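Data block below; observations after.
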Amino acid sequence: MRAPEQVIFEYSQPGRGASDQWPRHPGAAALADLPVAQRRTRPPLLPEVSELEAVRHFTRLSQLNFSIDTHFYPLGSCTMKYNPKACNQYAMLPQFLARHPLAPEAQGQGLLACLYELQEMLKAVTGMEGVALSPMAGAHGEFAGVAMIRAYHRARGDLKRNEIIVPEAAHGTNPATATMCGCVVREIPVDAQGDVDLPALKAVVNPNTAGIMLTNPSTLGVFERHITEVARIVHEAGGLLYYDGANLNAILGKVRPGDMGFDVIHMNLHKTFSTPHGGGGPGAGAVGVAARLLPFLPVPLVGKEGERYRWLTAADVPQSIGRLSAFMGNAGVLLRAYIYMRLLGREGMRLVGEFATLNANYLLKRLQAAGFDAAYPQRRASHEFIITLKRQARELNVTAMDFAKRLLDYGFHAPTTYFPLLVPECLLIEPTETESREVLDAFVTALSHIQKEAEQEPGRVTSAPHTMPVRRLDDVRAARQLDLTWKPTAQP
Amino acid sequence: MAFIPHTEADVAAMLATIGAASIEELFEEIPPELRIRSLAGVPEALNEMEIGRLMSERAAADGTALSFLGAGAYEHHIPAAVWAITTRGEFYSAYTPYQAEASQGTLQLIYEFQTMMARLTAMDAANASMYDGASAMGEAVLMAVRANRKSKAARILLPASVHPHYRQVAHAMTSNQGLTFAELPYAPQEGVTGAAALAPFEGQDVTALVVQQPNFFGRLEDVDALTDWAHARGILVIAVVNPIALALLKPPGEWGARGADIAVGEGQPLGVPLSAGGPYFGFMTTRMEYLRQMPGRIVGRTLDTAGHPGFTLTLQAREQHIRRAKATSNICTNQGLLVTAATIYLSLMGPQGLERTAAAAHARTRELVATLTRVPGVRPAFSGPYFHEAVLQLDRPVAPVLRALAAGGIHGGLDLAPYYPELGSALLVCATETKSSADIERYRAQLSEALQAARAA
Amino acid sequence: MSELPADLKYTKSHEWVRTLSDGTLEIGISDHAQHALGDLVFVEVPEAGRKVQAGEACAVVESVKAASDVYAPVSGQITAGNPKLAAEPEAVNSSPYAEGWLMRLKPAPGALAAAALLSAAEYQKLLDAEGG
C-alpha cells in the first residue's frame, strides 16, 4: 500500500488553478443586478491547484482503498460481488447523462423503456405485483415499505396499528425506519437454531401490530424455516410482512419473497443486482408490493400505455405515500441494474443464488476443517455464514477485531465484524458467486495463518494492521477531540 | 455466465468438500412448496455486445436537446478529470469505509469534502452526504425538530417559493411523525417571501423556517431579514441553497446577525451529470451546537497507534447501526461516489473557477431573459433580482409551446401551470455557462415562431 | 469484578442513587455499566428544573461503539446536571461514583419510598445472574 497522502488544501497556492476547465468571466457588469447586500464578501477557501496536482492527489487517494476491483471483499450482508464494466459503460452513454429529469417523455422513450422493463423483471424475480424504483438506498426503500404499511392500515380506518416487530438480530436500519415512520419497535428473540422464536412472536402480536420486518435468509446466515408459520401468525393478527432484501442474493431464482407471504419488500440493487457501492453509495432501494399495497406505491412510477411509456405521478396514484426524491431516484444506478439483469437473463439469475450458496458452504466447511467455530454448525449456510471467535478471545485474548485487522495485511478485506450483535466475537462472511475457488482457498490459508500467529505471537495480531497506510486508528480520540474540517493551523 | 468463474471440476471438488451430492441439496432447508422452477418474466440473456447495441440504440432514440431546463438540476461543464478518476475501481467498487485502515482514500476524500462544504456554506461542520437535495431538506426539518428543544409544536414554516418537489418530499418523509407545515405565500409581484407572509405567526410556537436561496423561481429572498425575524422568535433557520450560487451569494452562515442553523442543498451542480434525475447527492452543514442532531456519516481526523494522522468515521453513536430505534435517521448507504466527483470538481474549480462558473451562468440567464422578452407576448413574471433562473409569462398556454419547441430540438424550460396554477402561463427558464449566444438566439427564433403559430391557430 | 459501594442504592438498569444530606438524590451509572460501554465520548445530562417520572430516559451516555439512555430511578425534579461532563465525559469512566455523577434530583413526595431500588448486595446478585 502507498504512503499517506497530504490533504488537498496543503497543495494549494494562491493564484494557481486548473483554468483550462473554467468558463470565461463575463465581467463585473454582468453581475451588477445582484444587490451588494446579497453578495458573498470573501471567496470560499477552496483548494487552488493545477489539474495535474488534483489528478495525482485523487489517484493516490484511490490507491489507499481496498475495493472489489483490487481485493477479495467478503463483507457479510453487503454482497460485494463483481460490478461488470459494461453496466457502467452503457449507463454512461452521453444521451443518458445529458438527459434532464424534467425533459419531455416523448424524447425519453428509450430510458423509460429500460426502467419499465426493470420494474417488470424485478416483479418476476421477487413474485410481487408492483415495483417502484425511486427509493435511493436500502434504508430509503425500508422507509417506503413501512410508510406503505401505515398507509394501508390507515386507509382501512385501522388507525391504532403502530407497532413494528423486528427480530433482535435485524439490521439497525429496521428499527430506525420504524421510528421514522412513527412506529413503536417490538423486538423478538431468535431460537438456538437461528429461527424466529415462534412462541415469542405469538406473544407479541396484538391488535396494534402494524407488521413485522424480516430478512430471509436472516442476518444469521440461515434460511428462516418457519416463514410460512410466521406469515400466518402475523397475517392473522392483522399485520403485514416486510421483507428486507439485504440477503436476496442467496435465494435469487430459488424462492421468491412474494411466494413466502411477504406483502412488501425492498431490494438493494447495489447488492443483488451488482451496481457499485461507490465507497458508501449511491445505492438503489426499489420496493415491491403485493396487490393490496399497489395503491400506495411511491411516485414516480413508469407506466406503459400501448407502445408509449410515461411517468405515473400522484394524479395517477392518488393514495401514494408520495414523492421520496426530487426526481426519479438514482436513475443512473437503475440503468446499471437493468443492464446487469439483461446480461444475466433468466438462466444467469438462477445461477447467482446457486453459486453464492455453493461458495458460502464451501468456505464454511473449509474453515470448520481448519478449526474455526461456526455459530450455527448444524445449519446449512445461505450465501453467508457466521464464524465466532469467542474461544480465541477467551483463550488467547485475540478478538474478532484483531483477526479482521490482520486480514488486511494478508490482502483481504475483513468480513463484517460484531454484527449481528447477538453472536459474540463474530465474523459474518459472504464470499458471493463471482469469487473463484482459488480465492476462497487463499482466504482459508490466511485465516489459518492468523490463527497460528494468535497462538504463537498474539501481539502481531492484536497490533495489526502493519502494512496499511495507517496503523489502527484512535476512535475515542476522533470522537472526543473532533477534527471534522481541515484548518491551516490546527494539526493533530 | 453471470460472472461466475467456476469450472465443472471446481463444482465437483467443492461439493465433495461440503459433502453434498448437488448444489440443489444446499437448498434443502427451504420448504419445497415455496421453491420455484423457473423465472418466466425475465428474458433470455444478452451478451455484452448485444446489450451494448440495445442501450446505444435506446440512447440514440432519446437523443440530446438544447436544454433550458433548470428547476433543481443544472447543466454545467464537467471537467474530464472528474469522472475519469471517480470511475476508478478503487473508488467505484469500494464499500462504506467501516474498515478505516483499508479505506483511507475514501475517508480522506470525505474529510476534504466536509471541509469544502463547510467553507462554501460558512458553517462549522458537514456530513458525508444525503440522498439528494429534497431528502436533505426533509432530514433538516426532522433535525430542526430535535435541535429546537424550546419549541414543542414541531411546526415548520415552508414558503411556497421552495421547490414544489422538495415540499412534497418533506411531507412524505415526516407525515408519520406528527410534524405540521404552514405554507407561506409569496408576494405575487416579487415572487419572494415577504414580511406579510410571516405576520400571522407572530407569537406562535414555531420550530423552524425554511428559506430557499435562490428560490424556486430563481428570485433572491431577503435572507437577512427572514433569518433575523426567525431568530428573534426562537425559530431555527434551514437554508436550502445552490452550491454554485454560493460563489457569488452570501453563504447561509452569514445570513442575518447570527447565520442560518442548518444548510442543505442539491449537490448535482458540482460535477454530477443530469442523468435523468440521479444519482445526485444532498449536502448538509450545521453549527457545532447542533452537530449531534445531524443525520448521516461524519468523518474525523485522528491519530493511529504510531501517532500519525489518519481518518475514520466518527460520532457513529448517532447512527442506526448503533442507536437503532433512537437513531437520528435510518440513513445508511448515502451517495459516496457523487461526493467523490464533487470533491474533485471543487478542487479543479477552486474559488476562482467556481466564481467564473456562477458569473457566466448568471450572465447567460440575463442574456436569455433579455432576448426572450423581446419576443412579443413574453415578459418577466416577477420584478427584482434573480440568479441564473427566471420565470417568464407567456400570453398563451405554455404546454403546446414547449411541445413545438421540443419538436425542434429545444427543451424550453418548465411549465409551472401544474405547480402554480395561479401564475397562469408561466415558464421557468435557465441558462448556464454551457449556453452560447447562438443557442439563445436559436431559442428566441423558435419561440417566436411557436408563439406566432399558436396565435394563428 | 467491578467496584460496588455499599452505601449506595442501585437499579436494574445500572444506575446508582446517593441520598445527599439535604434529601436530594445524586444519580450516576455503575462501574459495571461504564466498563461495559467502554471509553465514553459524550454525555448528555438533563437541564435543571425538568420534572421526570421514575423510569423516564433523562440522560444519554455514548462510547464509540454504544449509546445508552440513563433512566430516572425516582420521580422528581432535576436540580442539576453535572456540568463537567460536557468537556470531560471520561470522568464517568475514571470516577463513576464521585466526579462522574450525572444528575441531582429532588424526589417527589413519597417517590423515594415507592421506587424499586436495590441494595449493593441485590445489585451484585443481578450482575452475577447476567454473567457480569
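Points worth noting:
- For the stretch A:331-355, the set of residues classified as hydrophobic (A, V, I, L, M, F, W, C), within 9 Å of another protein chain (Cβ to nearest Cβ) and touching a residue at least 60 places away in the same chain (Cβ under 8 Å) consists of A:ALA331, A:VAL333, A:LEU334, A:LEU335, A:ILE339, A:MET341, A:LEU343, A:MET349, A:LEU351, A:VAL352, A:PHE355, listed by residue number.
- Residues located in the stretch A:227-245, provided they are closer than 22 Å to A:ALA178 by Cβ and within 10 Å of chain B (Cβ to nearest Cβ): A:ILE227
- Looking across the stretch B:43-70, the residues that are surrounded by 14 or more Cβ atoms within 10 Å (Cβ to Cβ) and either more than 7 Å from chain A (Cβ to nearest Cβ) or under 11 Å from A:PHE96 (Cβ atoms) (or both) come down to B:LEU54, B:MET55, B:SER56, B:ARG58, B:ALA59, B:ASP62, B:THR64, B:LEU66, B:PHE68, B:GLY70.
- With respect to the conditions (1) crowded, with 24+ Cβ neighbours inside 10 Å; (2) within 7 Å of chain A (Cβ to nearest Cβ); (3) in contact (Cβ under 8 Å) with a residue 40 or more places away in the chain; (4) not hydroxyl-bearing (Ser, Thr, Tyr), B:ALA94 lacks only one, and its number is (3).
- Test for C:ALA59: is it within 14 Å of another protein chain (Cβ to nearest Cβ), of a type in the set (A, V, I, L, M), closer than 26 Å to B:LEU315 by Cβ and surrounded by fewer than 23 Cβ atoms within 10 Å (Cβ to Cβ): no
- Options B:ARG119, B:ARG146, B:ARG167; residue that is assigned to a helix (DSSP H, G or I) and at the interface with chain A (Cβ under 9 Å from one of its Cβ atoms): B:ARG119
- Filter result for the condition that a residue is aliphatic (A, V, I, L, M) and more than 9 Å from chain B (Cβ to nearest Cβ), over A:LEU422, A:LEU482: A:LEU422
- Here is the figure for the stretch B:387-407: residues that are closer than 18 Å to B:LEU66 by Cα, crowded, with 16+ Cβ neighbours inside 10 Å and in contact (Cβ under 8 Å) with a residue 40 or more places away in the chain total 7.
- Residue in the stretch A:73-94 that is nearest to the other protein chains (Cβ to nearest Cβ), counting only those that are outside any loop (DSSP other than H, G, I, E, B) and buried (at least 21 other Cβ atoms within 10 Å of the Cβ): A:TYR90
- Look at (1) surrounded by 24 or more Cβ atoms within 10 Å (Cβ to Cβ); (2) closer than 18 Å to A:GLY221 by Cα and you find that A:PHE403 fails only one, number (2).
- Flag if C:ALA36 is modelled with pLDDT of 95 or more and small (Gly, Ala, Ser): no
Yes/no matrix, rows are residues, columns are (1) at negative phi; (2) at the interface with another protein chain (Cβ under 10 Å from one of its Cβ atoms); (3) within 20 Å of the chain's Cα centre (by Cα):
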| residue | (1), (2), (3) |
| --- | --- |
| A:GLY108 | yes, yes, no |
| A:GLN119 | yes, no, yes |
| A:ILE149 | yes, no, no |
| A:VAL204 | yes, no, no |
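- Qualifying residue in the stretch A:441-461 (condition: crowded, with 17+ Cβ neighbours inside 10 Å, modelled with pLDDT of 95 or more and within 9 Å of chain B (Cβ to nearest Cβ)): no
- Every residue from the stretch B:389-427 that is outside any loop (DSSP other than H, G, I, E, B), touching a Phe, Trp or Tyr at 6+ places or on another chain (Cβ under 7 Å) and of a type outside the set (Val, Ile, Thr): B:HIS411, B:ALA426
- A:GLY27, sole failed condition from (1) more than 7 Å from chain B (Cβ to nearest Cβ); (2) modelled with pLDDT of 95 or more: (2)
- Of everything listed in (1) within 12 Å of chain A (Cβ to nearest Cβ); (2) among the hydrophobic types (A, V, I, L, M, F, W, C); (3) closer than 29 Å to A:ALA32 by Cβ, the single unmet condition for B:ALA445 is (1).
- Residue list for the stretch B:325-344, restricted to those being in a helix (DSSP H, G or I), of a type in the set (Val, Ile, Thr) and either at the interface with another protein chain (Cβ under 7 Å from one of its Cβ atoms) or closer than 21 Å to A:THR275 by Cα (or both): B:VAL339, B:THR340, B:ILE344
- Cβ-Cβ distances below 7 Å connect the following pairs, each with a first residue in the stretch B:347-364 that is within 7 Å of chain A (Cβ to nearest Cβ), a second residue that is acidic (Asp, Glu) and assigned to a helix (DSSP H, G or I), and a separation of six or more residues or different chains: B:LEU348/A:GLU51.
- The residue of the stretch A:99-134 that is nearest to B:HIS165 (Cα to Cα), among those that are among the small types (Gly, Ala, Ser) and out of contact with any Pro (no Cβ under 7 Å at 6 or more places or on another chain), is A:ALA103.
- Any hit, the stretch A:38-56, residues being free of Cβ contacts under 8 Å to residues at least 12 places away in the same chain, in a loop (DSSP other than H, G, I, E, B), of a type outside the set (Phe, Trp, Tyr) and more than 8 Å from chain B (Cβ to nearest Cβ): yes
- Residue within the stretch B:312-323 that is buried (at least 24 other Cβ atoms within 10 Å of the Cβ), at negative phi, facing another protein chain (nearest Cβ under 7 Å) and of a type in the set (Lys, Arg) present: no
- Note on the stretch A:183-207: residues that are buried (at least 17 other Cβ atoms within 10 Å of the Cβ), farther than 16 Å from A:TYR242 by Cα and in contact (Cβ under 8 Å) with a residue 24 or more places away in the chain amount to 4.
- Residues (under 30 Å from B:ARG219 (Cβ atoms) and among the aliphatic types (A, V, I, L, M)) located in the stretch A:38-72: A:LEU45, A:LEU46
- The combined condition, being within 14 Å of chain A (Cβ to nearest Cβ) and touching a His at 6+ places or on another chain (Cβ under 8 Å), is not fulfilled by B:SER175.
- Scanning the stretch A:329-348 for residues that are surrounded by fewer than 24 Cβ atoms within 10 Å (Cβ to Cβ) and not small (Gly, Ala, Ser) returns A:LEU343, A:ARG346, A:GLU347.
- Checking each residue in the stretch B:14-42 for being assigned to a helix (DSSP H, G or I), more than 7 Å from chain A (Cβ to nearest Cβ) and under 23 Å from A:GLY348 (Cβ atoms) picks out B:LEU15, B:GLU24, B:GLU25.
- Check on A:ALA326, modelled with pLDDT of 95 or more and surrounded by fewer than 24 Cβ atoms within 10 Å (Cβ to Cβ): no
The values are calculated or read from the model by the stated rules, or taken from the named source; none is laboratory data. For clarity, every value in this text was computed on a predicted model and none was experimentally measured. Cβ coordinates were reconstructed from backbone atoms using ideal geometry, including for glycine residues, and neighbour counts include every protein chain displayed.
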